[in-house]
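Asker: Handing you a structure now.
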Ligand SMILES: [Zn+2]
């Protein structure tokens, strides 16, 4: 096991492990802990090479490998105070804060030296009180997996450890935004498909790091990546050709298994994360791949597939952008009645198809 200096307090460790605060699915099994006083140092198994969430896993590894002092601490939003260092020009002042007073569900504070390295022109700043990276977060509603923990650790902290702009857009002028917040190719930050990320730190965090609270598995990058997409598409092709997708006849009773819905969800998630400027995978390339898959199906299967897409577009717990895009593009098999447009409440009068929302990945 590789252990660095990413330190979780006992409560924060519980959030990570029991409530899958930052790593979900099988990847959590490859984490390890080294007790240190009342805290725990985060570690990972070096032999674990095929993570289901390669984006988050690589961030976690790089944080551990960085050997930076990173302390993750859970706080009550109103009652737990902590100190920060406020610097205004030459004036240094320790300030007591709560998350409530900071107006945040989570806060990342970096060492002064790191702040100055990333923003050399900055005169005023708020940094950590003890020269370490500090994360304070709270869990307001629900579980830690939809808290600010991932946002702070894999977003702000990871970017700051990389010594690149890591803050939300605060500046009002375009020039200031460009100077403070913009990541471009020279920063070497990659998206989940391995393409250089160009945009603000804010966009990077909201697109790839923030949890998706509507999902049973809130990481936006679970099963996302070049290899993961290829695997999901191959599996969807196989399932569509077998008994996981079927119908008695066109406009008859149709059926799709939870595995089919889950696999389509992985493909859809890749579609939602992909960038139009991607070098290999783009939203359009994924739509083209699934269209090609559809065209090879027998008409009765095409009918069932369209019903699945219509179902997904109607159900809030599934990622639906791909289904909506495809429903506008795919030609109905000969003789099929037009689909009822997706409604908020799922209705499949002639069949069924919705998988349980808690179903796990293959
Ligand atoms: Zn933030």
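Asker: Given the conditions (1) loosely packed, with under 14 Cβ neighbours inside 10 Å; (2) without any contact (Cβ under 8 Å) to a residue 40 or more places away in the chain, and given that residue 277 satisfies all but one, which numbered condition is not satisfied?
Answerer: (2)
Asker: A further question on this structure: I'm trying to understand the selection: among the residues of region 155-171, which are more than 11 Å from the ligand (Cβ to nearest atom) and in contact (Cβ under 8 Å) with a residue 24 or more places away in the chain?
Answerer: Result: 158, 160, 161, 162, 163, 164, 165.
Asker: I want to confirm something. Restricting to region 193-226 and keeping residues that are more than 9 Å from the chain's Cα centre (by Cα), touching a residue at least 40 places away in the same chain (Cβ under 8 Å) and not in a loop (DSSP other than H, G, I, E, B), which single residue is nearest to the ligand (Cβ to nearest atom)?
Answerer: 201
Results for (1) surrounded by fewer than 17 Cβ atoms within 10 Å (Cβ to Cβ); (2) at pLDDT 95 or above; (3) within 30 Å of residue 141 (Cβ to Cβ), shown as yes or no for each residue.
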| residue | (1), (2), (3) |
| --- | --- |
| 155 | no, yes, yes |
| 180 | no, no, no |
| 199 | yes, no, yes |
| 203 | yes, no, yes |
| 208 | no, yes, yes |
| 214 | yes, no, yes |
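Asker: Residues in region 282-300: is at least one in a helix (DSSP H, G or I), modelled with pLDDT of 95 or more, in contact with a strand residue (DSSP E or B) (Cβ under 8 Å, 6 or more places away or on another chain) and surrounded by 15 or more Cβ atoms within 10 Å (Cβ to Cβ)?
Answerer: We begin by selecting, within region 282-300, every residue in a helix (DSSP H, G or I); these are 283-295, 299-300.
Remaining after also requiring modelled with pLDDT of 95 or more: 283-295, 299-300.
From what is left, the residues that are in contact with a strand residue (DSSP E or B) (Cβ under 8 Å, 6 or more places away or on another chain) are 300.
Now narrow it down to the ones that are surrounded by 15 or more Cβ atoms within 10 Å (Cβ to Cβ): 300.
For region 282-300, residues in a helix (DSSP H, G or I), modelled with pLDDT of 95 or more, in contact with a strand residue (DSSP E or B) (Cβ under 8 Å, 6 or more places away or on another chain) and surrounded by 15 or more Cβ atoms within 10 Å (Cβ to Cβ): present.
Asker: What number of residues within region 301-336 satisfy the criterion of being within 16 Å of residue 288 (Cα to Cα), within 30 Å of the chain's Cα centre (by Cα) and in a helix (DSSP H, G or I)?
Answerer: Residues that pass the stated criteria total 10.
Asker: For region 8-45, what are the residues that are in contact with a strand residue (DSSP E or B) (Cβ under 7 Å, 6 or more places away or on another chain), surrounded by 22 or more Cβ atoms within 10 Å (Cβ to Cβ), within 21 Å of residue 132 (Cα to Cα) and touching a residue at least 60 places away in the same chain (Cβ under 8 Å)?
Answerer: Hits for region 8-45 are 8, 12, 16.
Asker: Can we say residue 55 is farther than 16 Å from residue 147 by Cβ and either free of Cβ contacts under 8 Å to residues at least 40 places away in the same chain or touching a helix residue (DSSP H, G or I) at 6+ places or on another chain (Cβ under 7 Å) (or both)?
Answerer: On the way: farther than 16 Å from residue 147 by Cβ: yes; either free of Cβ contacts under 8 Å to residues at least 40 places away in the same chain or touching a helix residue (DSSP H, G or I) at 6+ places or on another chain (Cβ under 7 Å) (or both): yes.
When the stated conditions are applied, residue 55 passes them.
Asker: Given the options 83, 62, name the one that is surrounded by fewer than 16 Cβ atoms within 10 Å (Cβ to Cβ) and within 29 Å of residue 216 (Cα to Cα).
Answerer: 62
Asker: Within region 86-115, which residues are modelled with pLDDT under 95, within 14 Å of residue 136 (Cα to Cα) and exposed (fewer than 11 other Cβ atoms within 10 Å of the Cβ)?
Answerer: Passing the criteria: only 103.
Asker: I want to confirm something. Restricting to region 249-271 and keeping residues that are buried (at least 21 other Cβ atoms within 10 Å of the Cβ) and touching a strand residue (DSSP E or B) at 6+ places or on another chain (Cβ under 6 Å), which single residue is farthest from residue 289 (Cα to Cα)?
Answerer: Looking at residues that are buried (at least 21 other Cβ atoms within 10 Å of the Cβ) and touching a strand residue (DSSP E or B) at 6+ places or on another chain (Cβ under 6 Å), I get 254.
Asker: Answer with yes or no whether residue 267 is at pLDDT 95 or above, within 16 Å of the ligand (Cβ to nearest atom) and within 15 Å of the chain's Cα centre (by Cα).
Answerer: Numbers: at pLDDT 95 or above: yes; within 16 Å of the ligand (Cβ to nearest atom): no; within 15 Å of the chain's Cα centre (by Cα): yes.
No, not satisfied.
Asker: Count, please, the residues in region 83-124 that happen to be within 16 Å of the ligand (Cβ to nearest atom) and part of a strand (DSSP E or B).
Answerer: Total meeting the criteria: 6.
The values are calculated or read from the model by the stated rules, or taken from the named source; none is laboratory data. All values reported here derive from a predicted model rather than from experimental measurement. Backbone-built Cβ (ideal geometry, glycine too); neighbour counts: all protein chains shown.
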